[in-house]
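Working notes for the structure below.
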Amino acid sequence: MRNPLRAAIRPNFQHPAMKSYHLTTFGCQMNEHDSERMKGMLESLGYREVAARDEADLILFNTCSIRESADNRFVAHLGEAKRLKGEDPARIVGVGGCWSQSMKERVFERFPFVDVAFGPGQIPKLAEFLTSDSLTAQGYFEFEGFSGHLPMKRAREFQGWVQISVGCNCNCAYCIVPSTRGREASRPPGELMIEIEGLAADGVREVTLLGQNVNSYGRDLPPEEKTTFAHLLAMVDAVEGIDRIRYTSPHPKDMREDVVRAHAELDALCEHIHLPLQSGSTPILKAMRRTYDRERYLDRVALIREHVPDCALTTDIIVGFPGESEEDFRLTLDVCEQVGYDGAFTFVFSPRRGTEAALITEGLVPHEVKIERMQRLVEVVQRRAHERAQRFVGRTLEVLVEGTSRTDPSRLRGRTRHNKAVNFTGLGQPGELVMVEIDRASSQTLSGSESLLARAGAA
Ligand code: SF4
């Protein structure tokens, strides 16, 4: 039944079943997960996804706020939504995610054409707004719940994100996440196991466990449900059909021995650990409030190398944090030389509004110095990653086929258990685990051909 009032406000309002949506996602894996939940929720309301924004009745953004540049990129997209809303006022524009949470009601002051804004902990409110008779724009910014309870529309049938916790109790000086995603809260293990068993029954072979601080999972659970992260990994490993387990993002302070041993003992737990370093200098780590020092970090690396010698290690590094001297930076390069990462995400420090580091005025590193250091860092990281990748040449590795190669449609693309991308010739189908003989390795990707002997053997 059409609502007469709404008909006045939105003349061509129709029941959601006939409505279309377009969703643009910015930022991290947690946002990718949240977007899959948003899509699942909207489609359970009868919405259908369209490929082009100008075809959509509902224009949605799931935003990131980790760096100023992310904001600027998003605001450019919002400009197009404004134009489309101008062309058809019945269109609904919605903004979710961390930027929305960091701005709260100011979203409507700066962008009055936005109809609904919600934080990462408020995705269900979007459904409430869309099915309500609300006449005015609505904002929802309380940290209420896990989006992990919502239906899901997965990007790939054989891979699934599983949100095991939300929020972060740390206070890294450069990070906005604690203020946009709230305090750490762990999902009950029983609920997680039901979800993961459901995913396995649905054909998912690889699950990625998600949390801002994934390896501090379980600290806040009540005594009767007390479960450590290592214990949770073992529970997931026991689920029939789950062949691979990954997780992101861990914190070095919580990389305990039981988690490292799990990588050596659990069949499905992949030989890859992402261990953010940020800086190789203890005074800078202190200024960043990272709660570990250089020695503790290298001690964790040694523990990983002891229990899982072949484990791939990747990291995050920030260059040019206020106060970083040439000596501090040299210590970061030295850790990269020592560890020999298989890959790294490298960032030039940029002050983030609302963080402690944005208030620092002393010891700021000039932009050209930051860029020069970034170039030296990338050189070291890529050279060491190339050297490390040579250990795969001549080996036959298990690869989860993801689709056709991005660079050569006649080849396939997939990932090893070490999370290395592989382009290869073969007969594998997306979602299949195949054995690939590696004949070449660069810092980023491996190359090879599927072992047809192994395929024959598996048949
Ligand atoms: S651990 Fe630090 S960098 Fe990571 S989400 Fe928490 S506050 Fe941010």
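The values are calculated or read from the model by the stated rules, or taken from the named source; none is laboratory data. Predicted model only: the values in this text are computed from it and were never measured. Positions of Cβ are generated from backbone atoms using ideal geometry, with glycine treated the same way; all protein chains shown enter the neighbour counts. Ligands, DNA and RNA are stripped out before the accessible areas are found, and what is left, the full protein with its side chains, is counted by its heavy atoms. Shrake-Rupley method; radii C 1.70, N 1.55, O 1.52, S 1.80 Å.
Taking amide H positions as placed in the peptide plane 1.01 Å from N, state which residues far from Glu49 in sequence (5 or more) or on other chains have amide H under 5 Å from it.
The list, which skips near neighbours in sequence, is Tyr21.
Between helix 294-307 and the chain, what is the angle of the helix's C-alpha long axis to the longest principal axis, kept within 0 to 90° and rounded to the nearest 10?
Computed tilt is about 70 degrees.
How much length would be gained if the chain were fully extended between Arg353 and Arg395, taking 0.36 nm per residue of separation minus their Cα-Cα distance, in nm to one decimal? If you can, show how the numbers build up before the last one.
Details: separation 42, 0.36 × 42 = 15.12 nm, distance 4.77 nm.
This chain segment gains 10.4 nm when fully extended.
Whose amide H sits under 5 Å from the amide H of Thr24, counting only residues 5 or more places off or on another chain, with H placed in the peptide plane?
Correct list: Leu60, Phe61, Asn62.
Report, in listed order, any pair from Lys104/Lys125; Lys82/Lys125; Lys39/Lys226; Lys286/Lys370; Lys104/Lys286 with a Cα-Cα distance greater than 26 Å. Each step should come with its number before you reach the end.
Details: Lys104/Lys125 14 Å; Lys82/Lys125 22 Å; Lys39/Lys226 32 Å; Lys286/Lys370 20 Å; Lys104/Lys286 31 Å.
Lys39/Lys226; Lys104/Lys286, as the Cα separations exceed 26 Å there.
Report the calculated FRET efficiency for Leu303 and Val75 (r = Cβ-Cβ distance, R0 = 45 Å), to the nearest 0.05. Spell out each step's value before the answer.
Numbers: r = 44 Å, r/R0 = 0.97.
So the FRET efficiency works out to roughly 0.55.
Using a 1.4 Å probe and counting only protein heavy atoms, arrange Leu400, Leu45 so the residue with the most accessible area comes first.
Values: Leu400 0, Leu45 45 Å².
Of Leu400, Leu45, the descending order of accessible area is Leu45, Leu400.
Roughly speaking, what % of Cα-Cα pairs in the chain are separated by over 31 Å, rounded to a whole number? Let's see the in-between values first.
Details: 50369 of 105111 pairs.
I get 48 percent for the Cα pairs in the chain exceeding 31 Å.
For a quick check: with amide H placed at 1.01 Å from N, whose amide H comes under 5 Å from Val365's, ignoring anything fewer than 5 positions away on the same chain?
Gly323
So for the pair Ala238, Arg219, with labels modelled 7 Å out along Cα→Cβ, what separation do we get in nm?
2.6 nm
Tell me, what is the Rg over Rh of the stretch 113-217, with Rh the Kirkwood radius over Cα pairs?
On the way: Rg = 15.8 Å, Rh = 15.5 Å.
For the stretch 113-217, the value is 1.02.
How high is the relative contact order of the chain, in percent, counting Cα pairs under 8 Å that sit 6 or more residues apart?
Relative contact order, the chain: 9 percent.
With contacts defined as alpha carbon pairs under 8 Å and 6 or more residues apart, what's the relative contact order of the stretch 20-140 in percent? Provide the component values of the computation, followed by the final result.
Numbers: 182 pairs, mean separation 28.4, N = 121.
This gives 24 percent for the stretch 20-140.
With θ taken as phi - 60° and the coefficients 6.51, -1.76 and 1.60, list the Karplus ³J(HN,Hα) couplings across the stretch 361-367 in order, rounded to whole Hz; mark glycine and proline as x.
10, 8, x, 5, 8, x, 4
Need one number: % antiparallel among DSSP beta bridges in the chain, to the nearest 5. Don't skip to the answer; put the middle values down first.
Details: 21 of 65 bridges.
The answer is about 30 percent antiparallel.
Given the Cα-Cα distance of Arg256 and Ile360 and 0.36 nm per residue of separation, how much length would full extension add, in nm? Working shown, then result.
On the way: separation 104, 0.36 × 104 = 37.44 nm, distance 3.27 nm.
Extending this stretch completely gives an extra 34.2 nm.
Helix 68-87 versus the longest principal axis of the chain: what angle, 0 to 90°, nearest 10, using Cα atoms?
The helix 68-87 is inclined about 30 degrees to the chain.
When only DSSP loop residues count, what trypsin sites (Lys or Arg not before Pro) in the stretch 222-269 have their Cβ near at most 12 other Cβ atoms within 10 Å?
Working: sites: Lys226, Arg244, Arg246, Lys253, Arg256, Arg261; in loops: Lys226, Arg256.
Hits after loop and neighbour filter: Lys226.
By how many degrees, 0 to 90 and rounded to 10, does the Cα axis of helix 326-339 deviate from the longest principal axis of the chain?
70 degrees
Which percent of the accessible heavy-atom area of the chain goes to carbon and sulfur, probe 1.4 angstrom?
55 percent
Just how much of Glu109 is accessible, in Å², when a 1.4 Å probe is used and the result is rounded to the nearest 10?
140 Å²
On average, how much accessible surface per residue is there in the stretch 393-450, in Å², for a 1.4 Å probe, leaving out ligands, DNA and RNA? Write out the running numbers ahead of the final one.
Working: 2570 Å² over 58 residues.
Result: 44 Å² per residue.
Kindly work out what percent of the DSSP beta bridges joining two residues of the stretch 393-450 are antiparallel, to the nearest 5. It would help to have the intermediate numbers written out before the result.
On the way: 19 of 24 bridges.
Roughly 80 percent of the beta bridges in the stretch 393-450 run antiparallel, per DSSP.
Note down the nm distance, to one decimal, between modelled labels 7 Å out along Cα→Cβ at Ser449 and at Thr425.
Those two pseudo-labels are separated by 0.5 nm.
Nearest 5 is fine: what % of DSSP beta bridges in the stretch 147-388 come out antiparallel, could you say?
Values: 2 of 23 bridges.
The antiparallel fraction comes to roughly 10 percent.
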